[in-house]
Amino acid sequence: MSHHDPQPPALLPVLSRGKHRNPRKGACFMEFASLLAGERWSDHPACTHPLLAAAARHVNDCTSDAGRERLVSLIPSVIGLTGDDLRIDARIALRSAIVALPVVAAERQGVMAVSVLSCDRMLAELDGRPVGDLEATSRAALARAPLAAKWASRFDGVARSTAVTPKRFRAQSAPTIVHSAVVGIAQACVPDPDAMLRDLLVQAIDACATWGARDPERGRRAGVAARAAR
């Protein structure tokens, strides 16, 4: 390792739920990321898009102790990944809702179906396409939950009269959708909710990578530190 590369942490934390005072007490996903990125110890590091970081924290906390180690390999991929485009927030929220919609309890499906419609509507406004002309992935997701989709379409008709502003979507709607999707999957009656939560996070990372920007040098340094610390 050259003198330009970061030295691996002297003490690798163990992933666990919640916030931690220091690495000796453990780490959540984003605290581990702050360590690898060379930032001040925090579960809200500047190196990662805020909604992607929120998704990572929720997934970390809702994954079982046995399944959480499967998240470790994803940590370097969120470092240096950020951006200001509202499409990042909309895509992360939309993908989260699509993953959750088919498996969450019936009382949550309507909320997830409305979430799909609201995210798709925000993207339509951003992309300049007709509102209501759903993307293929949104149509397919709603088709897998027809009763929830029917209920959501009635609700969405009312919601359009009080359109959410971009600022409110970023600050409130998108974070609420992601949190609801993660909790819904964690509580769903499925064989392996941990795998679905990991998939949700993978898709959130992919959305951010597609619509955001990565600091390649920061990501490279984090990858070197992660490999050296194994």
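Bear in mind these aren't lab numbers, they're just calculated from the coordinates by the rules spelled out. Small disclaimer: the values here were computed from a predicted structure and weren't measured. Cβ sites come from the backbone with ideal geometry, for glycine too, and all protein chains shown count toward neighbours.
Listing 49, 20 from fewest to most neighbouring C-beta atoms within 10 Å gives 20, 49. The label point for residue 202 and the one for residue 143, both projected 7 Å from the Cα toward the Cβ, are 2.4 nm apart. Summing Cβ point charges (Lys, Arg +1; Asp, Glu -1) relative to the Cα centre of the stretch 86-212 gives a dipole of roughly 340 debye.
Rounded to the nearest 20 debye, the dipole magnitude of the chain is 320 debye, with +1 charges on Lys and Arg beta carbons, -1 on Asp and Glu beta carbons, and the Cα centre as origin. Summary of packing: across the peptides 131-141, 89-99, 192-202, the per-residue average of other C-beta atoms within 10 Å ranks them, highest first, as 89-99, 192-202, 131-141.
Normalised by the residues of the stretch 86-212, what does the relative contact order come to in percent, with Cα pairs under 8 Å and at least six apart? Could you put the intermediate results ahead of the total?
Numbers: 139 pairs, mean separation 54.0, N = 127.
Reported relative contact order: 43 percent.
The alpha carbon centroids of the stretch 41-80 and the stretch 107-184 are separated by 25 Å. At 222 nm, what value in deg cm²/dmol follows for the chain if DSSP H runs of at least 4 each add -39500 (n - 2.57) and the sum is divided by all its residues, to the nearest 500? Helix-only estimate at 222 nm: -18000 deg cm²/dmol.
Extent along the principal axes, Cα only, for the stretch 86-212: 39, 33, 25 Å, with the longest axis given first.
Over all Cα atoms in the stretch 1-153, the spread is summed up by Rg and Dmax: 18.7, 60 Å. When only Cα pairs below 8 angstrom with a gap of at least 6 residues are kept, the chain shows a relative contact order of 30 percent. As a proxy for reagent exposure, 85, 65, 120 were ordered by neighbouring Cβ count within 10 angstrom, fewest first; the result is 65, 85, 120.
Where does each of 58, 44 land when they are ranked from fewest to most other beta-carbon atoms within 10 angstrom?
Values: 58 24, 44 14.
Going from sparsest to densest Cβ surroundings: 44, 58.
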